[in-house]
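Engineer: Below: one structure in structure tokens.
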Amino acid sequence: MPRIRNAKLLAKRIDLQYFTHPHGFRRARFVLSIALPLLAGAWLLGERAIGNTKVYTSGPISAAHAVLGKQCAVCHVRQADFRAHVPDTACLKCHDAPVHNAKQTSTPSCSSCHLEHQGQIKLAATANAGCTQCHNNLQTTDGKTDLISHIGGFDRDHPQFAVLRQNGKDPGTLKLNHFVHLQPTLRGPAGAVQMQCDDCHRFAVTQNWPYSVATVQPATQQPVIVTPALNQQRKRREVEVGANAYGIPIRYVNQCAACHLLQFDTLITEPAPHDKPEIVRAFIRQKLTDYVAANPNVVTMPIDAGLPGNDIEPRRNILRPEEPARVITPTRVTPQEWVDQRTATAERLLWSKNCRLCHAVTEGEEGALPTKVTAIIPTRWMPRAEFDHQPHRMVTCTACHSSIPQSRLTSDVNLAGIELCRDCHAEGGLKAGNAEGRCFECHSYHDWRKEKLTKGSFDVLQVRGKGPAAPPITAPTSGTQ
Ligand code: HEC
Ligand code: HEC
Ligand code: HEC
Ligand code: HEC
Ligand code: HEC
Ligand code: HEC
Ligand code: HEC
Ligand code: HEC
Ligand code: HEC
Ligand code: HEC
């Protein structure tokens, strides 16, 4: 039978009710749209049942807080509006974070600078925006500021460092001539020496200073114990004990003694102690008293015999050597007079020559002790920033202090300016092959000198999220922000 193919028959093959019958794909889609949320819900409930809250997070938690990653409630505090925000009080429960500056007009929240859930990053590495929101146009509570008030970035409009900008002078009063001490043939304790920077300046604890003299000890001053306390002026939190961001203080006993012994009398081998004038006087007097007791005949000699330039031989006039030597008739004095007079001579020599080599000495009345001997040596040149010599060990000292070898006066300032720092510290930081260029690298935000101790307030289970939820967060145990 031939096949009949006409339009009517063909039309009949089309199911006109097709839209009323469910299609396999559509049904699957429908089933899935119900089942998947249910499954997800069940999974979430399951995870909740086993106490895993990670599934809700918007990203991995920072490295320092990784241990808290299972217990969201230590940071996210449920509040009246049911959203679990992160209030500053939550952060302050575990660590104090002192306020930045008493004159700031607002207080940004912790989480506006320390971004969580961004991966295993360093939280303290905050973006410049956290700072420039204020420092781009600095406002203060009293409307006054001595600071440059527009700073947008280190390699853009960051000002030159104040000490250089204002042509500052070294306010130090200890005399030192770098040029003289860096000569290749400086007279050392045993022949010529070439001094190095680290013979006087070091940045880590050390015992053996090459020019210290073990027997010379300050009588009343305590030996230097290098602890972070020496960095008191530093705002940054100290982590490395033993390393010094700034130099270990210059001390006569450590760095100068071997070449500048305080010899005061050729009859006495011991030098004077390096100390306050009254202690020096007492020492000299004691030594001379002991000497005259051991050598009673000394009182029959000329009073100034044995002092530098004098001897007990008959004296010749140096200007007229052809004249016969003058024999000085010994005058007999009491031991007491001998000690008095000889002490006076030794003191004159010390105050006006030895001490004055290094100090500004304000001499008193004839025979009285100097009223003032000062040794101010500044340790901070850039108090508004943090600096650390340790990470810069790779470059020579003179790369940054290039004018030191020519510097003859204490009042010289021999520090590098901002241009030199910009050669390495620049925007883009490590990713662009530079040293870090963001503000936090060189400045503290928190004034850590004011840090208060926080007491622990959780038990291990509460922190690890395996126990009951953390207790509701109340007022911070401590916290100044
Ligand atoms: C160390 C503290 C800390 C812990 C622990 C923590 N978070 Fe957060 N979380 C934050 C901060 C800070 C923010 C951003 C500021 C905000 O939302 O108040 C944030 C934001 C969020 C956001 C985005 C919400 C929003 O408002 O934008 C989610 C979602 C989130 N966290 C989930 C979690 C979950 C889930 C956990 C536990 C697995 C968790 N977090 C643990 C500190 C924390
Ligand atoms: C349950 C306790 C706890 C809470 C809550 C907490 N932290 Fe921490 N935080 C720690 C611990 C522990 C460390 C690591 C040890 C240390 O440096 O003191 C740390 C370290 C830090 C660091 C330094 C580490 C880095 O990567 O730079 C910063 C910054 C910090 N926390 C900020 C915050 C902020 C902001 C909050 C609130 C959103 C917060 N913390 C909440 C316990 C906590
Ligand atoms: C304007 C930005 C900003 C705000 C707001 C801020 N911080 Fe910081 N925070 C920093 C910077 C920058 C550092 C690193 C420099 C320093 O130590 O001051 C830091 C360091 C820290 C550290 C120590 C890091 C370390 O190395 O030990 C902790 C802890 C910390 N902040 C917690 C907090 C807490 C808690 C709050 C809220 C009360 C807060 N911060 C608010 C910028 C900020
Ligand atoms: C809420 C506003 C505000 C924020 C945010 C802020 N500062 Fe300040 N900052 C101030 C005020 C106000 C002063 C004090 C000005 C004065 O003493 O005249 C100040 C002072 C300073 C000083 C001089 C410090 C001193 O000891 O005299 C430095 C450096 C500084 N801020 C750096 C920063 C850095 C870096 C950041 C970001 C981590 C930052 N600031 C964030 C307001 C702010
Ligand atoms: C004999 C010991 C001695 C030697 C060697 C020495 N210094 Fe000094 N330096 C001092 C003393 C003491 C001071 C403090 C007096 C002053 O401010 O000039 C000082 C101060 C400084 C200062 C801060 C004050 C200023 O002038 O800017 C710098 C920087 C410095 N020295 C760098 C160096 C460098 C770099 C070298 C090596 C090339 C060096 N010093 C070698 C003893 C020494
Ligand atoms: C070669 C250099 C040098 C000579 C010489 C010297 N001093 Fe000093 N003096 C120093 C240095 C360096 C210091 C810094 C602190 C220290 O050494 O303990 C100092 C500190 C002092 C101080 C403490 C000052 C203060 O501001 O606190 C007194 C007091 C002092 N010397 C007295 C003397 C007397 C007295 C003499 C002479 C008998 C003398 N010095 C000779 C280098 C010298
Ligand atoms: C290696 C030996 C040596 C050491 C260590 C040393 N000095 Fe000197 N110093 C000398 C010599 C030598 C002279 C005399 C140089 C000359 O006049 O030619 C001198 C001269 C001085 C002068 C006079 C400089 C001038 O302008 O003429 C002062 C001030 C001085 N020293 C201070 C110090 C201080 C402070 C220390 C310790 C921080 C110190 N010296 C450490 C060897 C030393
Ligand atoms: C990257 C540049 C740089 C290098 C390299 C460097 N300094 Fe400094 N130095 C500085 C800056 C910046 C300051 C001021 C820091 C401050 O006061 O905050 C300083 C301060 C000093 C001071 C005075 C304050 C103090 O610490 O007593 C001395 C001394 C000093 N440097 C010696 C040295 C010596 C020695 C070396 C070599 C081992 C050296 N510096 C290498 C940049 C540098
Ligand atoms: C590579 C180190 C470095 C970086 C990065 C840096 N600074 Fe500074 N900043 C300094 C030094 C050093 C000083 C000089 C401090 C002084 O004179 O006591 C200074 C001074 C300042 C001052 C005081 C200005 C004045 O009036 O003298 C402010 C405010 C300041 N910086 C803010 C910032 C801000 C905001 C950023 C980020 C945009 C930043 N700094 C980045 C090193 C740095
Ligand atoms: C030769 C390159 C170089 C120069 C020049 C240089 N720096 Fe650095 N600086 C570094 C490196 C590298 C680090 C450590 C790595 C890092 O943090 O990026 C560092 C770290 C620092 C730190 C952080 C120290 C800490 O507390 O850990 C400060 C602050 C700093 N530099 C300030 C300065 C200042 C101010 C100058 C200019 C006087 C300067 N640097 C010049 C390379 C340099």
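The values are calculated or read from the model by the stated rules, or taken from the named source; none is laboratory data. Since this is a predicted model, take the numbers as computed values, not measurements. All Cβ positions, even for glycine, are placed from backbone atoms using ideal geometry, and neighbour counts span all protein chains on display.
Engineer: Quick one: in the range 85-121, which of the residues that are touching a residue at least 60 places away in the same chain (Cβ under 8 Å) and acidic (D, E) is nearest to ligand 1 (Cβ to nearest atom)?
Structural biologist: Checked the range 85-121; the qualifying residue nearest to ligand 1 (Cβ to nearest atom) is D88.
Engineer: May I ask you to list pairs of residues, at least six apart or on different chains, whose Cβ atoms are under 8 Å apart, with the first in the range 262-289 being basic (K, R) and the second being not in a loop (DSSP other than H, G, I, E, B)?
Structural biologist: K276/V373; R281/T343; R281/E347; R285/V339; R285/T343
Engineer: Further question on the same structure: Report, by residue number, each residue of the range 393-432 that is part of a loop (DSSP other than H, G, I, E, B), within 11 Å of ligand 10 (Cβ to nearest atom) and of a type in the set (G, A, S).
Structural biologist: Within the range 393-432, A416, G417, A426 qualify.
Engineer: What are the residue pairs meeting all of these: first residue in the range 158-169, first residue under 22 Å from E427 (Cβ atoms), second residue among the hydrophobic types (A, V, I, L, M, F, W, C) and at pLDDT below 90, Cβ atoms under 6 Å, and 6 or more apart or on different chains?
Structural biologist: Filtered contacts from the range 158-169: F161/M382.
Residues are listed down the side, and each one gets a yes or a no for (1) at pLDDT below 55; (2) of a type outside the set (A, V, I, L, M); (3) within 30 Å of C424 (Cβ to Cβ):
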position: G437; (1), (2), (3): no, yes, yes
position: E441; (1), (2), (3): no, yes, yes
position: S444; (1), (2), (3): no, yes, yes
position: K450; (1), (2), (3): no, yes, no
position: S457; (1), (2), (3): no, yes, no
position: V460; (1), (2), (3): no, no, no
position: P472; (1), (2), (3): yes, yes, no
position: T477; (1), (2), (3): yes, yes, no
position: Q481; (1), (2), (3): yes, yes, no
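Engineer: Oh, and also: Which one is farthest from ligand 10 (Cβ to nearest atom), of the residues in the range 368-392 that are over 16 Å from the mean Cα position of the chain (by Cα) and β-branched (V, I, T)? Before you say what the answer is, go through the steps one by one.
Structural biologist: In the first step, residues of the range 368-392 are kept if they are over 16 Å from the mean Cα position of the chain (by Cα); the result is 368-377.
Still in the running and β-branched (V, I, T): 371, 373-374, 376-377.
Details: T371: 39, V373: 33, T374: 29, I376: 23, I377: 20 Å.
In this case the residue turns out to be T371.
Engineer: Need at least 2 residues that are in contact with a Leu (Cβ under 6 Å, 6 or more places away or on another chain) per element, so show me which helices (runs of 4 or more DSSP H) inside the range 79-174 make the cut, counting only ones lying wholly within it.
Structural biologist: none
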